[in-house]
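Asker: Please find one structure pasted underneath; my questions will follow.
The values are calculated or read from the model by the stated rules, or taken from the named source; none is laboratory data. Only a predicted model underlies this, so the values are computations on that prediction, with no experimental measurement involved. Note that each Cβ is placed from the backbone with ideal geometry, even for glycine, and that neighbours are counted across all protein chains shown. These accessible areas exclude ligands, DNA and RNA; they are computed on the full protein's heavy atoms, side chains included. Shrake-Rupley method; radii C 1.70, N 1.55, O 1.52, S 1.80 Å.
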Amino acid sequence: MRVSVIGTGYLGAVHAAGMAELGFDVVGVDVDPAKVEMLSNARMPFYEPDFEPLLETHVGGRLHFTTDITQAASADVHFVCVGTPQQHGSLAADLTYVDAAVDALMPHLADGSVVVGKSTVPVGTAQVLADRIRAEAPRGANVALAWNPEFLREGLAVKDTLHPDRLVFGVDAGEGGHAEEVLRRVYARTIAEDQTPVVVTDLPTAELVKVAANSFLATKISFINAMAEICEAAGADVTKLADAIGHDERIGRKFLNAGVGFGGGCLPKDIRAFSARAAELGASQSVAFLIEMDAINLRRREHVVNLVRTHLGHLPGRKVAVLGAAFKPDSDDVRDSPALSIAGALHLAGVQVAIYDPQAMPNAAKIFPTLGYADSVDEAVAGAEAVLHLTEWPEFRELDPAVMATQVARPLVIDGRNCLDAQAYRAAGWTYVGLGRP
Ligand code: UDX
């Protein structure tokens, strides 16, 4: 079976390599020649642990990348993995790339092939595409469309691609079962080896599964951050509170880490796009809470800026070190990153910011070129009047507070991820400020 993957961003590039690992001949197609060039040389266009070895194993063998969509023509399955960013000036998702991918594929669709959407789209999109493909496929070719949402986490993308915790196959009721059969063949090894649960649904349910899952995760994080706000008002400790409620199996401890909140290319834009789509469907009340989750999340960033102001007073000219720019560790992604947004807000308030991140500096500098960038933690903290820990890279957790105390102008640390050793910092003479903690 031959597989094409249209769009080789985060999702598509890792999916293409994962498909090659599962034994298929794969062509990854992208409109960006620079990205294709890097991938063709087995180099990652973004940082993702475990991804480069997969490229090195398969590029030049059964995996190749091209800008030429005609090379997808012989594929039996076409995965559409293009981005659906937030529209400018609206909460809704921008479907330009999805439409462009289907337009480009359309003349090359062969009889019996299956188009599989993996992009996160507003519910209802897949049915429109299925109808279009049925009407416009060349020479009356019988081509099915399915939706197979992706749940991969950055930093764990390879594991999540090869060993997903579930597979969702959204299929068109009138299509006769061919798409499900093809998807079961594609994922046969994963299903057999890991006993991965498969949930077969209609198209709109599959689209909704993805946004519902991300909405739930965003809600869980914002819930604990709302509790952090209450803990701040009441003098309680949100980390202990999370441990205690997390022992309840119905609640669970995962995704209850209070701090500067969620960012990245998925959760923020997905909850906003979901709100926008629900409004179009006349169901805005049902997900009105998501607007509140977004607001709680963004408030945590303001809170950190206010904490700096509380401790340092007048901001212009103060020196602040920011540790972390990526939206989470093991990633160089700075999209909607709480760390970068806090650093940016401080910079705009006149603070001399020195930011350091092990992987995300080039991406951060592209988005925010006027920030102060340091080449190392040592350089960032030298002479700082406050150190902000905003992305929980392991190397930041391992810093020696006693050594760092000799480098800063004032030993004040704001732990935006609540995972530094507060006792060790206090013992080394630091004022340690966690979020939602006394
Ligand atoms: C998310 C979903 O987890 C994934 O299933 C989906 O396919 C894409 O979106 P990702 O964006 O990689 O994945 O990040 P995730 O690990 O979910 O973290 C999202 C954000 O929440 C990060 O900024 C992280 O720092 C933050 N977070 C996570 C918290 O603030 N607290 C937590 O307890 C967990």
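Asker: Restricting the count to DSSP beta bridges whose residues both fall in segment 88-241, what percent are antiparallel, rounded to a multiple of 5?
Answerer: 20 percent
Asker: May I ask you to list the GluC sites (Glu not before Pro) in segment 355-438 that are in a DSSP loop and have at most 15 other Cβ atoms within 10 Å of their Cβ?
Answerer: Listed in order of number, the matching sites are Glu398.
Asker: Mind computing the radius of gyration and Dmax over the alpha-carbon atoms of segment 202-438? Å is fine for both.
Answerer: Here Rg and the maximum Cα pair distance are 18.3, 61 Å.
Asker: Still on this structure, please answer the following. Of all DSSP beta bridges in the chain, what percent run antiparallel (nearest 5)?
Answerer: Bridges in the chain that DSSP calls antiparallel: roughly 5 percent.
Asker: What's the center-to-center distance, using Cα atoms, between segment 293-353 and segment 368-438 in Å?
Answerer: So the two Cα centres are separated by 13 Å.
Asker: Take the Cα atoms of segment 177-299, build their convex hull, and give its volume per residue in Å³.
Answerer: Taking only Cα atoms, segment 177-299 has a hull volume of 146 Å³ per residue.
Asker: Still on this model: Gaussian network model of the chain, Cα springs within a sub-10 Å range: biggest mean-square fluctuation belongs to which of Val408, Val128, Val14?
Answerer: Comparing Val408, Val128, Val14 in the GNM, the peak value goes to Val128.
Asker: While we're here: Restricting to bridges with both residues inside segment 59-167, how much of the DSSP beta-bridge set is antiparallel, in percent to the nearest 5?
Answerer: Roughly 10 percent of the DSSP beta bridges within segment 59-167 come out antiparallel.
Asker: Hey, what's the Cα Rg ratio for the chain versus the globular rule of thumb, 2.2 N^0.38 Å?
Answerer: 1.05
Asker: Treat segment 47-194 as a sphere of radius equal to its Kirkwood radius over Cα pairs and apply Stokes-Einstein at 25 °C in a medium of 0.890 mPa s; give the translational diffusion coefficient in µm²/s, rounded to a whole number.
Answerer: Translational diffusion coefficient: 147 µm²/s.
Asker: If you don't mind, there's one more thing I want to ask. Quick one: check the C-alpha center-to-center distance for segment 184-225 versus segment 59-102, whole angstrom.
Answerer: 21 Å
Asker: Another question, if that's okay. Using a 1.4 Å probe and ignoring any ligands, DNA or RNA, find the accessible area of Asp50 and quote it in Å² to the nearest 10.
Answerer: 110 Å²
Asker: Which one, Glu150, Glu180, Glu280, has the greatest fluctuation when you compute a Gaussian network model over the chain with C-alpha springs under 10 angstrom?
Answerer: Glu280
Asker: Let me ask another. Given H placed on each backbone N at 1.01 Å, which residues far from Phe169 in sequence or on other chains put an amide H within less than 5 Å of it?
Answerer: Hits under the 5 Å cutoff: Val199, Val200, Thr201.
Asker: Once you have a ≥ b ≥ c as the square roots of the Cα gyration tensor eigenvalues for segment 1-73, tell me rounded if a/c is under 1.5, and otherwise prolate or oblate according to whether a/b is larger than b/c.
Answerer: oblate
Asker: Here's a follow-up. Give the carbon-plus-sulfur fraction of the accessible surface of the chain in %, rounded to a whole number; probe 1.4 Å, heavy atoms of protein chains only.
Answerer: 55 percent
Asker: Ranked from the most accessible area to the least, with a 1.4 Å probe and all protein chains present, what is the order of Tyr187, Tyr97, Tyr47?
Answerer: So the residues, ranked largest to smallest area, are Tyr97, Tyr47, Tyr187.
Asker: Continuing with the same structure: Sort Arg426, Arg139 by accessible area with a 1.4 Å probe, largest first.
Answerer: Ranking Arg426, Arg139 by accessible area, largest first, yields Arg139, Arg426.
Asker: Something else about it: Can you pull the Kirkwood radius for segment 270-340, inverse mean 1/r over Cα pairs, to one decimal in Å?
Answerer: By the Kirkwood definition, the hydrodynamic radius is 14.8 Å.
Asker: I've got another one for you. Only helical DSSP H runs with n ≥ 4 go in: add -39500 (n - 2.57) per run for the chain, normalise by residue count and round the 222 nm mean residue ellipticity to 500 deg cm²/dmol.
Answerer: After summing the helix terms and dividing by residue count, I get -13000 deg cm²/dmol.
Asker: At 1.4 Å probe size, with every protein chain present, just tell me what the per residue accessible area of segment 48-160 comes to in Å².
Answerer: Per-residue accessible area for segment 48-160 comes out at 41 Å².
Asker: Now, a different point. Taking the Cβ of Cys231 as the center, what net charge do the other residues with Cβ under 10 Å away carry, scoring Lys and Arg +1 and Asp and Glu -1?
Answerer: -1
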